[in-house]
Structures are given as structure tokens and as C-alpha cells.
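Undergrad: The structure's right below; bear with me while I get my questions together.
What follows draws every value from the coordinates through simple rules; no lab data is involved. Keep in mind it's a predicted model, so treat the numbers as computed, not measured. Glycine also receives a Cβ, built like all others from the backbone with ideal geometry; neighbour counts cover every protein chain displayed.
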């Protein structure tokens, strides 16, 4: 299922990463982070995909306001620091904060 | 490898989709569309990930200006119409046009 976001404008946080050789604990962390995001103020939805054969991961989360996205960044980084996951799982990562001003789609 | 984009601002086109049961020809089309995108004016990069077990696909392409992104939309839709791929491959899809105004990352 794709995230069912309201009409724009809203914020998208685009997280991309290249996996390293050791993904131990990664799946559990993704499940936990998603549950955590859903509890945050202004959370509108999240889409995630990662190639099973290594490759790259993309997670896009959607937020009502820039402040909501910034608050999620603080929560997520605090939790990741506790787990010390990012350094182990990823060879490299990139975070982009973006203002969505148009959206369209199709299908069921 | 992740897309190596310049400093913001730039445009991100976030494409998300749920695969249907028939993905015949999909991989070839992705390769072709990526080669096509790289030839377009204002192309800055592209990140793509799709779960091998079905699930969802996310492709984010980055463009210098809104006009560049709009021109790519026309080119991509024309090519997809020629291949009649979208209707067969996807149960549903969503396209979001976003202005990236901040980016940061880490790793190698």
C-alpha cells in the first residue's frame, strides 16, 4: 500500500542509503522506526523500498509542516544513536527535505 | 551508488508504485527510462529501489528547475504510452513534485 497523503502542500523527507555488508538488526529497526514515526505530530505517511540484494534503500516520510519534519529528525536521530545502527548498516546515506507542491496518481 | 546532486535548491520528482502481478518487460523499461532521463536538460541524478518480492517501487529523480522536471514528465509519459507499461506493471502509482531546500548526508 502506498502512503495516502492529503492534497499538497506538505513536506517530504527523502532518505536514501547504500547498504553495507552487515544488516544485522536492520529489519527490526525499520519496523520500530515506522511505528515511532506514526506517533509523531504531523505524520502523514511513509513509503519505503529496499532491494533485497543489497543495493539501495529509499524511505520517504511525509509531514504536515517543516517543524513536524524537524521534530521527527530529532526523534529519529536520538533513537538511531541509541541503537548505533546507521554507522553499521549504511556505507553512505543522504537526507533531503522537500516541499511537495503538486501530486497526482492513478490506479486502485 | 547514490545520486550525487549539487547543493539545493533543486526539484525532486518522487514516483512511488505498487507492482501488479505481471512485471514482464519492466526491468528493460527501467534501464531505458534511466538512459533517457540522463539525456534530458537539467537532469541532476536518480535514485531507485524496488522490493524484489513485489511490494513497492520508489524512484526519485532530481532536476535543476521545475521546467526541466515538467519536460521530463512529458517525455516519460510519451515513452510510457508507447510501451503501454504503466497500466500493466502497476496496481497504483503516485507522483509528487517537490522543491528540495535542504540536504545532508554522510558516509563514503
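Undergrad: Determine, for A:96, A:79, the number of other Cβ atoms within 10 Å of each Cβ, and report the residues in order from fewest to most. Walk me through the numbers before you get to the answer.
TA: Details: A:96 26, A:79 14.
Taking fewest neighbouring Cβ atoms as first place, the list is A:79, A:96.
Undergrad: Another question, then. Would you mind calculating the relative contact order of chain B from Cα pairs under 8 angstrom and at least 6 residues apart, reporting the percent as a whole number?
TA: Details: 163 pairs, mean separation 50.1, N = 108.
In percent, rounded to a whole number, it is 46.
Undergrad: Turning to a different aspect of this structure: Which whole-number value in Å³ per residue fits the convex hull of the alpha carbons of the stretch B:5-62?
TA: Values: hull volume 4.6 nm³, N = 58.
Cα convex hull per residue, to the nearest whole number: 80 Å³.
Undergrad: Let me ask something else about it. List the distances, in nm and shortest first, from the label point of residue B:91 to the matching label points in every other copy, placing each point 7 Å from Cα along the Cα-to-Cβ direction.
TA: Here the equivalent label points are 3.3 nm apart from this one.
Undergrad: When the chain is fully extended, how far beyond the present Cα-Cα distance does residue B:24 get from residue B:71, taking 0.36 nm per residue of separation?
TA: Values: separation 47, 0.36 × 47 = 16.92 nm, distance 2.72 nm.
That works out to 14.2 nm of additional length.
Undergrad: On to the next question. Over the Cα atoms of the protein assembly as shown, how large are the radius of gyration and the largest Cα-Cα distance (Dmax), in Å?
TA: Final numbers for Rg and Dmax: 16.6, 50 Å.
Undergrad: I'd like the mean, over residues of A:24-33, of how many other protein chain beta carbons sit within 10 Å of each residue's own Cβ.
TA: On the way: counts 0, 0, 0, 0, 0, 0, 0, 0, 0, 0.
Other-chain Cβ atoms within 10 Å of each residue's Cβ, averaged: 0.
Undergrad: Something else now. One decimal, nm, shortest first: give the distances between the label point of residue B:31 and those of the same position in the other copies, each label point 7 Å from Cα along Cα→Cβ.
TA: 3.6
Undergrad: Note down the Stokes-Einstein diffusion coefficient of chain A in µm²/s, whole number, using a Kirkwood radius over alpha carbon pairs, 37 °C, and 0.692 mPa s.
TA: Values: Rh = 14.6 Å.
D, rounded to a whole number, is 225 µm²/s.
Undergrad: Report, in degrees rounded to the nearest 10, the 0 to 90 angle that the Cα long axis of helix A:26-38 makes with the longest principal axis of chain A.
TA: Tilt of helix A:26-38: around 30 degrees.
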